[in-house]
Every structure is written in C-alpha cells, then in structure tokens.
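Rule-based calculations on the coordinates, nothing more; no lab input. Remember, predicted model here, so these are calculated numbers, not experimental data.
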Amino acid sequence: MKTVVKYGAALAAAAVASVALATSATAGGLFDGMRGTQGSVKDMPRVHGYSGVSRCYLRGDVGYSYSAEPVVHVDSPLYDFIGTNNEEIDGAWMAEVGIGCGSGSRGFRADFTLGYRGERDVTGIKTDSPGFHFPAEFSTSVSTLTAMANLYYDFGRVSGFVPYVGVGLGVARHDLEDVSFTGVGAGAGASFNGLSGRTQTNFAWSLMAGVAYQISHRAVLDFGYRFIDLGDVATRRGDICPVSCVGGSRDRLTVEDMYSHEFKVGLRYHFGGGKPAYEPTYK
C-alpha cells in the first residue's frame, strides 16, 4: 500500500510539473505574440482612461440655480414681525469657470471654480405680533458670487460615460439690494421705511454628482447636479417705522438658509501633454 501511495504521489508531482511547464511555455508564447503586435503589456489599450487626455484642465459651466424656500426674519423691537406667508426666492441662471487636475476617469481629481448666480427676487408677507396687526409685504433681490474648492471621485468608464460624486467648500459673497415694505390686508395704507441692503460673505459648502463623456482628444462634456448651501445675508440695521419710534434704527431683515439645487452642463478642456488621464497599475 505504501508503494502505491509513493508511486501515486510521484505521478501527481510529475503531472503538476508538466502542467506548469506547459502553462509557462504558452504564456511566454502569448506575451511574445503581444510584443510582436502591440509592443509590450504597458502599451496595451487602457480600459478606463480617456485616451490621450492630459491630467489638467480648464472648465466652463452654465446652468440653472433653483432656490429652496428661504427662512426670512425681520428683527424689529417695535413691530416684532413673527408670521410668515409665501416667502420665496426666485431661481436664476448661473455660470462658472475653473481650473483643475486629476484622473479624469478613475480616482480623485480636484478643481477650483468661480461662479456667479444672477439676481433673484426675494418676496413674502410678514405679519406683525398681536396688538399691532400691521402685515407688510417685503421685496428685495440678491445676487451671489462663489469661490469653491472641489474634490471629486470618478468611478471609471461605463459605456463611454464616467459617473462621479464630489464635495465642495468655499465662500459665497451676497449682494443684497434695499428692502421695501408695503402694508397689505389689515395693514393696507400703513407706511413703512425700507432697509438698506449690503454685501456679506459667508461660508458655503456643496454636494455634487454627475456624469462626463469624452467628445474629442482634449474635450470632455460634464453634466452635473449640485446641492449648495450659500449661507445667510442680512440688511443693514435701520428704522422701519416712518417716524422716530422707540428703539428706532435697530430693525433688520435676514434671509437665512439659502439652499439651492443646481443643474449644469459644462466643458472641460484638457491642456498640456498627451499623458493619459488614468495610469494602469501594470507596466
């Protein structure tokens, strides 16, 4: 029995060795064939990369910024506006330019962008506290500049498209126009002073998702969605009361929670050498 086992083990070892030698020879012939037709393994076509696209790019985007319903406070020691009706902020067209670098196909990339959101009307009706009953309609407008540093992760090509997600941090500079008040309803005919607008800079952050598609050797189309928090903006302090009132010149209107849903289309133009956007791990 021991002899049978011994010979069986010897035969098995010989078979494994034969298979290993055959596999080695086949693989060697296969890679030699590749070298003869395509150069070397490192010259094989890249599965995930934008062919010939360099890592750095300039970008330009246009889109529409749809603003969520804001929270508007009127801080007034006399009127103490507390009610809220039909507060809204209009959407606006937006544009951005930027510069960035990164994989462009799989992995991380980053860019820096400057953006502008056009003038958006902010309107609503504020109702005075019980005992005064001076409802007033207010109206103003705001435009916004942003400077954002963005980080993305590209998931690789899927049928020619490259999906991605991203986050952004930066600042938003708002230009708030003067605010006017008009008596309405029970307050019709009541007279109010306006409040002076101002510019204000806030922290801003965003979450992004989208998909990119290469259309030429250097150009990539980018279709994206972004949720962005643009912070708050407030007027200068003033006096809503048309005559000198107790506690005058302390009134202020604040537009809070300026969130926006943005849909945009852009073009990334890759410049510099023809180094591929994605480097394979094998050489």
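Assorted remarks:
- Each residue of the range 206-214 was assigned a 3J(HN,Hα) from its phi angle through the Karplus expression (A = 6.51, B = -1.76, C = 1.60, θ = phi - 60°), giving 8, 10, 9, 8, x, 8, 10, 8, 6 Hz with x at Gly and Pro.
- Along the range 147-164 the Karplus relation, 6.51 cos²θ - 1.76 cosθ + 1.60 evaluated at θ = phi - 60°, assigns HN-Hα couplings of 10, 10, 9, 10, 10, 10, 10, 8, 8, x, 6, 10, 6, x, 9, 10, x, 8 Hz to successive residues, with x for each Gly and Pro.
- The Kirkwood hydrodynamic radius of the range 134-174, based on inverse pair distances between different Cα atoms, is 14.1 Å.
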